[in-house]
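The values are calculated or read from the model by the stated rules, or taken from the named source; none is laboratory data. Keep in mind that this is a model prediction, so the values were computed, not measured. Backbone-built Cβ (ideal geometry, glycine too); neighbour counts: all protein chains shown. We work out accessible area using only protein heavy atoms, side chains counted, and drop any ligands, DNA or RNA first. Shrake-Rupley method; radii C 1.70, N 1.55, O 1.52, S 1.80 Å.
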Amino acid sequence: MKNQISRMNSFEDWREKQQTMEESVHSRNLDKNPQTEVLEQTVKNMEKALQTMKMKMQEKEVESKQEVEALRNQLNDARASGKVSSRTQNVKDPLRITKWWQASSLLKWDWEKPPEYTCGKVVMKGNWHICNDSKFEVKPPCLVYSFGIWNDWSFDDAMGAFGCEVHSFDPSIGLKPFDRSKNVHFHDLGLSGNDSDMYVPTKDIYVKKTTTWKIRRLKTIMEMLGHTNRHLDVLKIDIETSEWPAVKDIVESGLFSNVRQFSVEWHLFPEYPSRPEFIGFYANVMAMKEQGLRTFRSSFHTKDYSDKNFRVQADVNYVNTLYKGI
């Protein structure tokens with residue numbers, strides 16, 4: 001009997017303690033500040049949002065890595081085939097050029113720095129220069145393309161007299177195709193990055209009124225003249241900013257592998273091309289280097305670095321150190 005009473009007392013004590021604990025918990029819940037509940041919920045929401053952000057960032061990082069890897073593969077394929085586009089070139093460029101003034105500064109520096117190839121025998125032909133080192137010697141039967149004549153035939157005539165087959169191109173002078181001499185042949189065509197019979201040139205000191213020209217890619221011209229199985233001993237281009245789309249096309253078509261020497265007058269004028277395009281220009285010049293082109297001489301016509309009148313104009317001569325012949 002005593003044991004039963006004792007057990008009953010113990011049970012009552014336990015129930016009293018349990019009830020006291022439940023009342024305490026209930027009391028704390030009743031006393032909770034509504035503002036605290038809002039803050040707690042806000043914290044929970046922020047934690048959830050942060051977790052979502054982390055997941056999205058991880059997914060984006062994976063996507064970026066995949067894109068970079070894909071572009072690297074594209075660059076390697078382009079190197080293997082001899083073709084490097086401006087898009088792939090930017091992937092390997094540690095400087096990551098993003099501003100026009102960065103690109104123009106690097107172009108200017110590339111043209112005025114010491115020559116990348118030391119030519120021991122620089123020879124002047126008319127108003128241009130060639131390198132006549134044994135490795136790059138120009139001699140008959142040599143093939144020369146000259147784009148941009150205006151009224152100065154001195155280079156074309158000199159190369160023709162030297163015994164080279166010379167093809168001269170300039171749609172701006174209003175002449176129909178003719179043979180200037182036994183070796184110099186004129187074509188009423190311009191050079192650019194596409195084929196068109198209705199190209200409208202920008203008005204400048206050479207173009208006074210609205211007109212249309214026939215323009216062709218270098219690849220198209222070589223096919224037209226039956227030169228697809230020949231190399232160009234000298235490719236000369238002086239075409240008032242149209243060199244930029246032309247060079248881009250030559251790079252991407254891989255035709256620089258068929259060019260032993262390249263002479264060009266680079267133009268960056270205040271009004272055109274547009275400054276955002278400078279980034280692509282720099283990429284294409286660097287892509288030329290990938291294909292073997294190295295400077296052996298340069299000279300500047302104009303340099304103005306003011307923001308309003310920014311202008312760079314330079315004659316630059318290159319040899320192709322990777323040339324292997326056809």
query: How much solvent-accessible surface does LYS214 expose, in Å² to the nearest 10, with a 1.4 Å probe and all protein chains in place?
result: 100 Å²
task: Pop the C-beta distance of THR228 and GLU277 into the FRET formula with R0 = 45 Å and round what comes out to the nearest 0.05.
output: 0.90
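Quick check for you: with a 1.4 Å probe and neighbouring chains kept, what is the accessible area per residue of the range 88-231, in Å²?
Numbers: 7630 Å² over 144 residues.
Roughly 53 Å² per residue, with all protein chains present.
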Euclidean distance between Cα centres, the range 291-310 to the range 114-152, Å: 19 Å
- request: Kindly identify the range 178-291 as rounded, prolate or oblate by the Cα gyration tensor criterion: order the square roots of the eigenvalues as a ≥ b ≥ c, call it rounded if a/c is under 1.5, otherwise compare a/b with b/c, prolate if a/b is larger, else oblate.
  value: oblate
- prompt: In square angstrom, rounded to the nearest 10, how much accessible surface does ILE173 have for a 1.4 Å probe?
  reply: 40 Å²
- prompt: So how do SER192, SER257 rank on accessible area, 1.4 Å probe, biggest first, that is with the largest at the start?
  reply: SER257, SER192
- request: Set the Förster radius R0 to 35 Å, insert the Cβ-Cβ distance between VAL200 and THR118 as r into 1/(1 + (r/R0)^6), and round the FRET efficiency to 0.05.
  value: 0.25
- prompt: Applying the Karplus parametrisation 6.51 cos²θ - 1.76 cosθ + 1.60 with θ = phi - 60° to the phi angles of the range 289-297, what ³J(HN,Hα) value in whole Hz is obtained for each residue in order, glycine and proline being reported as x?
  reply: 5, 4, 8, x, 6, 9, 5, 10, 6
